[in-house]
């Protein structure tokens, strides 16, 4: 088993990178994020998953061990093969994807290429208890379209203490300005939920 590949980026193809390790080139399929970060002639290290099929052998690479472990969980779900797992990891960094699974954000997971709604639902149902609690909930700010990060948000914690689910609390806070004091944000979020 090849645990990791460390070397110089020799070539880049669509969705894969060739890493030169002392004169031997390893072609590694990577997520969109890792592909964009790697530049030609950069020194890189990818943790790898060696996928062996009847007709082929493939290496899938991840810049972090967390991403590799999440990938290994994803491919245990029925209907999610290595390419679909990599597509899901291409939606964002490993923490964003992990939190989306933990918060059962089917819409976010279904945005991955080749992953439909039923498969996304299966991913969230099968893995929700295995990935831990969400620290980040992918929500789009209606004004800017940017993703909002609610990790460590006291207003979110307060709403959850009042009995809101993570998803409902996040939705209630989505249109509340972040620069307000915590108590004011909770009050506005409660008004939004009426």
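The values are calculated or read from the model by the stated rules, or taken from the named source; none is laboratory data. Because the structure is predicted, anything quoted here is derived from the model rather than measured. Cβ coordinates were reconstructed from backbone atoms using ideal geometry, including for glycine residues, and neighbour counts include every protein chain displayed.
Under the condition of being surrounded by fewer than 19 Cβ atoms within 10 Å (Cβ to Cβ) and either over 19 Å from residue 82 (Cβ atoms) or not assigned by TED's automatic domain parsing to the domain that holds residue 89 (or both), which residue from the stretch 107-117 is farthest from the chain's Cα centre (by Cα)?
Of the residues in the stretch 107-117, the ones surrounded by fewer than 19 Cβ atoms within 10 Å (Cβ to Cβ) are 107, 110-111, 113-114, 116-117.
Restricting the remaining residues to those that are either over 19 Å from residue 82 (Cβ atoms) or not assigned by TED's automatic domain parsing to the domain that holds residue 89 (or both) gives 107, 117.
Details: 107: 13, 117: 17 Å.
That would be 117.
Of all the listed residues (146, 102), the sole one being at pLDDT below 85 and closer than 30 Å to residue 34 by Cα is 146. As a summary of the residue check, residue 49 satisfies the conditions (1) in the same structural domain as residue 38 (by TED's automatic domain parsing); (2) surrounded by fewer than 18 Cβ atoms within 10 Å (Cβ to Cβ) except for the one numbered (2).
The residue that is modelled with the lowest pLDDT, among those in the stretch 161-184 that are within 21 Å of residue 104 (Cβ to Cβ) and surrounded by 15 or more Cβ atoms within 10 Å (Cβ to Cβ), is 166.
Contact annotation: residue pairs with Cβ atoms under 7 Å, 6 or more positions apart or on different chains, pairing a residue in the stretch 168-194 that is touching a residue at least 40 places away in the same chain (Cβ under 8 Å) and not assigned by TED's automatic domain parsing to the domain that holds residue 102 with a partner that is part of a loop (DSSP other than H, G, I, E, B) and surrounded by 14 or more Cβ atoms within 10 Å (Cβ to Cβ), are 170/137; 170/150.
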